[in-house]
Each structure stands twice: as C-alpha cells, then as structure tokens.
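Below is one structure, written out as structure tokens; the observations come after it.
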Amino acid sequence: MIIDTTGVQAINSFSILESLKEVYGTIWMLVPILILILGITIGVLVIVWLEREISAGIQQRIGPEYAGPLGILQALADGTKLLFKENLLPARGDKGLFSVGPSIAVISILLSYSVIPFSYRLILVDLSNGVFLWIAISSIAPIGLLMSGYGSNNKYSFLGGLRAAAQSISYEIPLTLCVLSISLLSNSLSTVDIVEAQSKYGLWGWNLWRQPIGFLVFIISSLAECERLPFDLPEAEEELVAGYQTEYSGIKFGLFYVASYLNLLVSSLFVTVLYLGGWNFSIPYIFVTDLFGINARDRVFETTIDIFITLGKTFLFLFISITTRWTLPRLRMDQLLNLGWKFLLPISLGNLLLTTSSQLLSL
C-alpha cells in the first residue's frame with residue numbers, strides 16, 4: 001500500500017489552518033469584552049478618586065495625596081489591601097448565599113454595560129429592546145444584596161437586605177415609566193436609535209428639554225437605585241452598622257464597594273444616552289470632522305471624539321451625584337418610601353400619559 005505523503009501533509013496543514021482560524025475568531029470575539037472591562041475598571045478608579053477629591057474640597061480637607069501623583073492611585077491601593085485581607089465567614093450563616101451574593105450584585109451590573117453605546121460604532125450589542133434589558137438585569141442586583149443579608153445570619157444585615165429590596169422595588173417602577181416615555185418619543189427601545197433620534201438639532205434636540213419632568217424623576221430614581229445619599233438607607237451606619245455589609249471583609253466587601261460605583265457609572269451613562277444626546281456634538285450643523293479638518297472616513301478619530309463627548313457628559317452628571325452625596329442629609333425609611341410611591345410614581349405615570357397623548361395627537 002502506497003501512502004501519498006504530500007496529500008497527508010496538505011490535509012494536516014489545512015486542519016491546522018482551520019484550527020488557527022477558530023482560535024483567532026474566538027480571541028477576536030473576546031477583545032471587545034476585555035476592552036470594555038478594562039475601560040470600566042479605569043472608570044471606577046477615576047470615580048473613586050474624583051469622589052475623594054470633591055468631598056475633600058466640599059469639607060475643606062486635603063484629600064488623598066500620597067498614593068501616586070495627586071493621590072490618583074489611592075483607590076488601587078485600597079483594592080490591593082482588601083485583596084490581601086483575611087476573608088471571614090460567619091460561623092452560623094449560610095456560606096453559599098454569603099459567598100454568591102456579592103458576585104450576583106457585581107455581575108448583574110456589569111451585564112448592563114453591554115447595551116450602552118459609547119459611539120455609533122462602539123457598542124457591544126445593539127438590541128432592539130436594549131433599555132428594558134438594562135432594567136431587567138439591574139433588577140437582579142437587589143436579590144444578591146438580599147441573599148447576602150440573609151446568609152450573614154445577622155439581624156442588622158438581614159434588615160439591610162430587606163431595605164435594599166424595598167428601596168429597589170419602590171424606585172424601579174418610576175424609573176421604568178420614565179424610560180418608557182423616552183421610548184415613545186424615539187419610537188424605539190434601542191439605545192442607538194434613542195441617541196440618533198436626538199441628533200437632528202444638536203443641543204436643542206436632547207430629550208432633556210422634551211422630558212424635563214421625566215429627567216428629574218429619572219435622576220432621583222437612579223440615585224435611589226445606586227443607594228447614594230440621601231438614599232443610602234440599606235447601609236445606614238448609625239442604625240444598621242453598614243447593613244448587609246456588616247459581616248463581610250476582604251475582597252467580598254470590596255465587591256460591594258465596586259458594585260456601588262459600577263451602578264453609579266452605568267446610571268450616569270444611561271442619563272447621557274437617554275436625555276443628553278449620547279455621543280452627538282451639542283452644536284447643530286457643526287460636525288466634528290469639519291471642525292478639526294479631518295477626513296470623514298477616518299473612523300478611528302471620529303469614534304475617539306464620540307467617546308470623549310459621551311464621557312464628558314457622563315462625568316458632568318457624576319459630579320452632580322457626588323456633590324449631592326456630600327450636601328444633603330439622609331432620609332428616614334418612611335420618607336424614602338413615601339417619596340417613591342406617593343410622589344414619583346404618580347408623577348412618572350402622569351408624564352407617561354402626557355407623552356402618549358402628545359404622540360397620538362401628532363399622528
């Protein structure tokens with residue numbers, strides 16, 4: 001029997017080439033995800049540094065100054081310290097729920113970034129119902145907090161978890177109604193389509209001017225969803241000794257810390273996308289490529305400018321959120337629930353009815 005070695009070598013070369021193509025395709029598919037995770041991590045570090053600096057300025061303190069230039073590496077130093085701290089487990093608690101709770105809180109928020117458009121060409125996945133996917137995913141985070149509070153076998157932690165669930169339910173409904181009003185104005189649930197619908201008239205095309213009531217309700221509801229002052233009732237140190245975080249230490253405590261800032265960043269990005277025109281330039285009829293004398297086919301430059309515009313609007317809202325935290329006192333629990341159910345819910349529902357009526361009359 002004579003074996004054609006040339007044919008065997010050709011078959012082996014073809015199989016190796018196909019395997020390399022599959023590996024290359026897998027790696028190329030993971031590159032956008034890794035870039036997004038890296039960008040989110042850097043964004044969280046910047047937000048932590050900004051909060052320290054802004055709060056120090058408001059309280060007339062110096063703020064971080066030793067870890068890196070201007071203290072910019074302070075958040076990284078804190079994260080490294082938490083990574084090497086001892087990870088304690090409550091002796092009589094449910095260790096499964098205790099360990100899984102922080103992970104659910106972080107992962108559910110990370111998934112929300114997949115539908116955020118940083119530019120027309122820079123979005124992980126453009127879904128036809130992107131905004132409601134964000135609302136559905138963000139509703140999972142309080143389940144992780146409730147699991148953490150229950151698994152700690154601590155009455156303060158359990159009360160903190162219950163408060164987190166009650167607060168999330170109270171403010172999720174007004175926030176959803178505001179998003180539905182924006183979807184009616186844009187005739188789409190896609191985040192890219194919502195931004196494109198605001199691009200016709202520049203600054204005056206923003207949904208901020210067409211939905212001022214919805215904008216205010218959305219801001220208040222998003223702050224409550226992020227558990228930021230004056231809505232940090234689940235973590236009230238004076239009452240609950242940090243709430244559902246009481247029994248946590250080490251990296252698991254750090255995951256709650258990261259989840260808080262991830263949620264703040266994603267809420268700020270959605271404010272930019274839904275109400276502030278996203279990546280579009282604010283001045284109508286002036287294009288970025290014409291302004292800088294760059295060829296319109298230079299997509300890399302155009303995408304970079306779009307990212308900077310999106311992040312600029314996002315950090316403007318972040319500045320407002322951070323300033324609010326160090327300005328207003330904490331509400332009582334009954335005041336928190338009354339604000340959500342008795343004021344924001346009827347206002348957001350009335351705003352939705354007005355938006356629906358105006359859309360029907362314009363047909």
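The values are calculated or read from the model by the stated rules, or taken from the named source; none is laboratory data. Please read all numbers here as calculations on a predicted model, not as lab measurements. Neighbour counts are summed over all protein chains in view; Cβ atoms, including those assigned to glycine, are modelled from backbone coordinates with ideal geometry. Each accessible area value is taken on the protein alone, full model and side chains, heavy atoms only, with ligands, DNA and RNA left out. Shrake-Rupley method; radii C 1.70, N 1.55, O 1.52, S 1.80 Å.
Tabulated results
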item	result
Whole-number accessible area per residue in Å² for the chain, which is evaluated in the context of all protein chains at 1.4 Å	53 Å²
Equivalent ellipsoid, segment 19-164 (semi-axes from 5 times Cα gyration tensor eigenvalues, Å)	30, 26, 18
Linear extension gain, I169 paired with T80, 0.36 nm per residue minus alpha-carbon span	28.6 nm
Choice from D232, D306, D78 with maximal GNM fluctuation in the chain (Cα, 10 Å cutoff)	D78
Fluctuation leader among L133, L97, L88 - the chain, Gaussian network, Cα springs under 10 angstrom	L88
Local electrostatic count at A224 - Lys and Arg +1, Asp and Glu -1, tallied over other residues with Cβ under 11 Å	-3
Once exposed loop trypsin sites (Lys or Arg not before Pro) are cut out (DSSP; at most 14 other Cβ, 10 Å), longest piece of the chain	201-296
Normalised convex hull volume, segment 54-95, alpha-carbon set, Å³ per residue	121 Å³
Value at 222 nm in deg cm²/dmol, rounded to 500, when DSSP H runs of n ≥ 4 in the chain each add -39,500 (n - 2.57)	-22500 deg cm²/dmol
Relative contact order computed over the chain (Cα-Cα under 8 Å; 6+ residues apart), in percent	21 percent
Principal axis dimensions, the chain - Cα atoms, whole angstrom, descending	86, 63, 44
Neighbour net charge for G278 - beta-carbon separation under 11 angstrom, K R +1, D E -1	-2
Most positive-pole-ward Cα, S260, I54, Y156, against dipole of the chain from beta carbon charges	Y156
Simple label model, 7 Å out from Cα along Cβ direction - I140 to L216, nm	3.5 nm
Label-point separation, Y201 to L88 (7 Å along Cα→Cβ), nm	5.9 nm
Extension gain (nm, one decimal) between N338 and S55, 0.36 nm per residue minus Cα-Cα	99.0 nm
Gain in span if fully extended, I107 to T41, counting 0.36 nm per residue against the direct Cα distance	22.4 nm
Sum of side-chain charges, Q74 neighbourhood, beta-carbon under 11 Å (Lys, Arg +1; Asp, Glu -1)	-2
Lysine pair number, Cα distance threshold 25 Å (strictly under), the chain, separation 8 or more or different chains	9
